[in-house]
Structures are given as structure tokens and as C-alpha cells.
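Visitor: Could you have a look at this structure, given as C-alpha cells, before my questions?
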Amino acid sequence: MVERFANQQCLNLETYRKNGQPMRTPVWFVEDNGVVYIHTVKNAGKVKRIRHTTRVRVAPCDMRGAVTGEWIDGEARVLDEAGVRRVNELLDRKYGEAMSQFKQRHNLQYAPWDAIEIRV
């Protein structure tokens, strides 16, 4: 299933509010051994929503979030600190200088992070 994300730079992540309303967010991601990983600033809205319900959907998208492929159902979980470090390393490897520039541009070099594992 994850092969369809192989050449993608971004995924649109759909999480759900407590009232069931979907919230979509374009995210950078990395795939490792058939599992999708993303990271986000600690306690971001998507993290809170995943802690409430692990059901998510993902679809390939452009940098602005316009979906370019099919939605796929998945289950997500927030990782521990060791998982956060590993995901950050994988993302740094995939995106290189672009990731560093993003963090600097948004003043996030020293921000605490959460990482999310998505099994599709």
C-alpha cells in the first residue's frame, strides 16, 4: 500500500475532532519498513486529535495540501521520545537542507517535537 507514496514529498493527513469533523493537514513524511511517520510540534492539534481517536486517512498531496491521489485508511499513534528522535533522523535524511531551512524559517530549531506512526 505505501508504495504509492514512494516518490511523494507530502501527504495530506486527515484526523478527526471529537465531534467527528475531519481536519486535513499537509505534512512532510517518511516511510520506513511499510510504516509512515510524520513529526509535528509537540501537542499540536493533530496530536491531540490522534490521542482521542487513532483513526486517520492519508493521501498524496502537493505542498499546499491539494490531494493528488487516493485516500487510504490508517491507524495512528503518538511515539515516545526515542521514536521522536528516530523519526527526526529519518526526516532529516529524506529532506536534508530543506528540513533545516523550514525549522529555521519558522523558528523551530529548538522546539519540542512529537512523532506519529501511521499504519495503513
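The values are calculated or read from the model by the stated rules, or taken from the named source; none is laboratory data. All values reported here derive from a predicted model rather than from experimental measurement. Every residue, glycine among them, receives a Cβ derived from its backbone with ideal geometry; neighbour counts consider all protein chains shown. Note: areas computed on protein heavy atoms with side chains; ligands, DNA, RNA excluded. Shrake-Rupley method; radii C 1.70, N 1.55, O 1.52, S 1.80 Å.
Visitor: Tell me, Kirkwood radius of segment 1-58 from alpha-carbon pair distances, in Å?
Guide: Taking every pair of different Cα atoms in segment 1-58, averaging 1/r and inverting gives 12.1 Å.
Visitor: Please sort 44-54, 14-24 by packing, taking for each peptide the average over its residues of neighbouring beta carbons within 10 angstrom, highest first.
Guide: Peptide ranking by packing, descending: 44-54, 14-24.
Visitor: Now for a different question. How large are Rg and Dmax for the chain when only the alpha carbon atoms are used, in Å?
Guide: That works out to 13.4, 39 Å for Rg and Dmax.
Visitor: Further question: Determine the per residue accessible area of segment 1-101 with all protein chains present and a 1.4 angstrom probe, expressed in square angstrom.
Guide: I get 56 Å² per residue for this part.
Visitor: Which residues' amide hydrogens lie under 5 Å from the amide hydrogen of W113, considering only partners 5 or more residues apart or on another chain, with H built in the peptide plane?
Guide: Distant-sequence amide H within range of W113: K42.
Visitor: All other residues with a Cβ under 13 Å from the Cβ of A115 taken together, and with Lys, Arg as +1 and Asp, Glu as -1, what is their net charge?
Guide: -2
Visitor: For segment 43-97, taking Cα atoms only, what is the radius of gyration to one decimal and the Dmax to the nearest whole Å?
Guide: Calculated on Cα positions, Rg and Dmax stand at 13.3, 34 Å.
Visitor: Report the net charge of residues surrounding P26, where surrounding means a beta-carbon distance below 9 angstrom and charges are Lys +1, Arg +1, Asp -1, Glu -1.
Guide: My count for the surroundings of P26 gives +1.
Visitor: Straight-line reach from K46: which aspartates and glutamates fall under 15 Å, measuring Cα to Cα and dropping same-chain residues less than 8 apart?
Guide: E14, E75, D114, E117
Visitor: Taking all protein chains in place and a 1.4 Å probe, what share, in percent, of the accessible surface of the chain do carbon and sulfur account for?
Guide: On the chain, the fraction of accessible area on carbon and sulfur atoms equals 46 percent.
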